[in-house]
Amino acid sequence: MNISEILDGKFAGKDVEIKGWLLNKRTIGGVQFLIVRDGTGIIQATIRRNEVGDKIYDEVEDLAQESSIIIRGTVKEDKRAPGGYEIKVTSLEIVHKAERDYPLAKKEHGVDFLMDYRHLWIRSPRQTAILRVRAEVIRACRDFLDGRGFVLVDAPIFTPAAVEGTTTLFEVPYFGDKAYLTQSGQLYMEAAIAAFGKVYCFGPTFRAEKSKTPRHLTEFWMVEPEMAFCEFEENLKLQEDMVTYIVKRVLEKRRRELETLGRDITPLQKVEPPFDRISYTEAIDMLQKAGFQIEWGEDLGAPHERYISLQFEKPVFVHRYPAKAKAFYMQPDPQNPEVVLCADLLAPEGYGEIIGGSQRIHELKLLEQRIEEFGLPKEAYEWYLDLRRYGTVPHSGFGLGIERTVMWICKLKHIREAIPFPRTINRVYP
Ligand code: 4AD
Ligand code: MG
């Protein structure tokens, strides 16, 4: 059994065994109150001298935070205990006596200090709550796509060419030649749709983001579905359904974690299709009216996305950006070739972009022209052009950033808490 099952009330009055770690301890009136965690939850355990004997009682008295222990005892319902249950200990085994100077023992630390000790910090209740939500988000993405008949196809990490612009490429030496860490598996998913119809990849992606922002990592995880015979509109529908599914799943399975985080769930409960939609042109208009210095043609930055997202209660699509502000592979809008059939999905409460997606160019000549206009080396894309030579069809897809999504659902101030071991411009340790 584990602590979360005990807190669910399944073991009231019963004998249990818990294997875990000591989080905290105090003594009141000859009773030691231990706070114990086992990775599934936190529970209070009480130790009395006459129950466990002098030797164990005295050893526990001397035990430091993070010591590993096995406790056995009886579960008691007790309104005063955190979580409503406590364990009356009958025997206790010390597996390891932790050293005294646990670096995170004191409550107040700066984020940089905590990040230097990320390997220990991930044990804390807030961090485990976030990382459990992350695991649930990932599971929800996979379940959703698997349930809709998408085939998981893994994309390579070493790649010969850029997907999302050449300025954020990580170059790595490759046996006398060079390669790049992937920015996105998209181009490979475009190859895979002709094999399977509907596919997705899920994995780490890399961008040499040179700016320090609260929402950029250099290594982040992305889920990227891609569909053959799929146009712009159908792509947005899938995004609405998927994001709704993810949020509902977290609300259903990770309610306790959201409570630990103090997350007000009312905004999350409003996430239902259809989401709102505004065009890029409307967005610029809205921003200019609100006093932002921005001209048509410029990409939206974090403050712009924040403002727009705060005007809506649900996630909002901003669609049809200027071709020049976006990636080379996006299909021009037949109504107005200055803009492309793309959309970013902005999460509410000021969070901004969590998804970038588009209909892709499926016509060979146009794609060749774009590769040239963007100054990209054509040789590196020959294989990608082949996809337009042999059985090309209208197709669309998108990429959902896992950490951005977790950041929003958990309402975090900084993306670095949304991933177990964050990588940013000034951090590759631990
Ligand atoms: O908008 P992006 O750059 O789109 C693509 O990579 C497409 N090739 C995806 C596709 O269509 N298959 O990135 C997609 C998402 C963003 O919306 C954001 O959530 C996340 O990836 N993202 C980042 N997350 C953390 N740190 C960064 N530096 C990120 N850059 C993008
Ligand atoms: Mg984007």
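The values are calculated or read from the model by the stated rules, or taken from the named source; none is laboratory data. Because the structure is a prediction, the values reported are computed rather than measured. Please note: Cβ atoms are built from the backbone with ideal geometry, for glycine as well, and neighbour counts cover all protein chains shown. In case anyone asks, the SASA skips ligands and DNA or RNA and just uses the protein heavy atoms, side chains included. Shrake-Rupley method; radii C 1.70, N 1.55, O 1.52, S 1.80 Å.
Being hydrophobic (A, V, I, L, M, F, W, C) and open to solvent by less than 60 Å² (accessible area, probe 1.4 Å) is the filter here; which residues of the range 145-161 pass it? Write out each step before concluding.
Here is the first cut: in the range 145-161, the ones hydrophobic (A, V, I, L, M, F, W, C) are 145, 150-153, 155, 157-158, 161.
Hits for the range 145-161 are Leu145, Phe150, Val151, Val153, Ala155, Ala161.
State whether one or more residues within the range 387-401 are free of Cβ contacts under 8 Å to residues at least 24 places away in the same chain and either open to solvent by 40 Å² or more (accessible area, probe 1.4 Å) or within 16 Å of ligand 2 (Cβ to nearest atom) (or both).
Initially, the range 387-401 is screened for residues free of Cβ contacts under 8 Å to residues at least 24 places away in the same chain, giving none.
Looking through the range 387-401, none of the residues is free of Cβ contacts under 8 Å to residues at least 24 places away in the same chain and either open to solvent by 40 Å² or more (accessible area, probe 1.4 Å) or within 16 Å of ligand 2 (Cβ to nearest atom) (or both).
Any idea which of Phe220, Phe232 is in contact (Cβ under 8 Å) with a residue 40 or more places away in the chain, of a type outside the set (Val, Ile, Thr) and away from ligand 1 (no atom under 11 Å from the Cβ)?
On the way: Phe220 fails: away from ligand 1 (no atom under 11 Å from the Cβ).
Only one candidate qualifies: Phe232.
Name the single residue that is surrounded by the fewest Cβ atoms within 10 Å (Cβ to Cβ) among those in the range 402-430 being of a type in the set (Val, Ile, Thr) and more than 23 Å from Leu346 (Cβ to Cβ).
Ranking the candidates gives Val428 first.
Starting from residues that are at pLDDT 95 or above and in a loop (DSSP other than H, G, I, E, B), keep the ones in the range 165-180 and report whichever is most open to solvent (accessible area, probe 1.4 Å).
Filtering the range 165-180 for residues that are at pLDDT 95 or above and in a loop (DSSP other than H, G, I, E, B), the one most open to solvent (accessible area, probe 1.4 Å) comes out as Phe175.
Quick check: anything in the range 325-332 open to solvent by 10 Å² or more (accessible area, probe 1.4 Å), at pLDDT 95 or above and assigned to a strand (DSSP E or B)?
Yes, there is a match, as at least one residue in the range 325-332 is open to solvent by 10 Å² or more (accessible area, probe 1.4 Å), at pLDDT 95 or above and assigned to a strand (DSSP E or B).
Rundown of residues vs (1) away from ligand 1 (no atom under 15 Å from the Cβ); (2) open to solvent by 60 Å² or more (accessible area, probe 1.4 Å), yes/no style:
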site: Ile294; (1), (2): yes, no
site: Asp299; (1), (2): no, yes
site: Gln311; (1), (2): yes, yes
site: Ser358; (1), (2): no, no
site: Lys365; (1), (2): yes, yes
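Just checking, how many residues over the range 117-142 are more than 15 Å from Pro420 (Cβ to Cβ), open to solvent by 60 Å² or more (accessible area, probe 1.4 Å) and in contact with a strand residue (DSSP E or B) (Cβ under 9 Å, 6 or more places away or on another chain)?
Restricting attention to the range 117-142, the residues satisfying the condition of being more than 15 Å from Pro420 (Cβ to Cβ) are 125, 139-142.
Pick out the ones that are also open to solvent by 60 Å² or more (accessible area, probe 1.4 Å) and you get 139, 142.
From the residues that got through so far, the ones that are in contact with a strand residue (DSSP E or B) (Cβ under 9 Å, 6 or more places away or on another chain) too are 142.
Going through the range 117-142 one residue at a time, the tally reaches 1.
Here is a list of conditions, (1) under 26 Å from Pro156 (Cβ atoms); (2) not in a helix (DSSP H, G or I), and Thr213 meets all of them except one; can you say which number that is?
Only one criterion is unmet by Thr213, namely (1).
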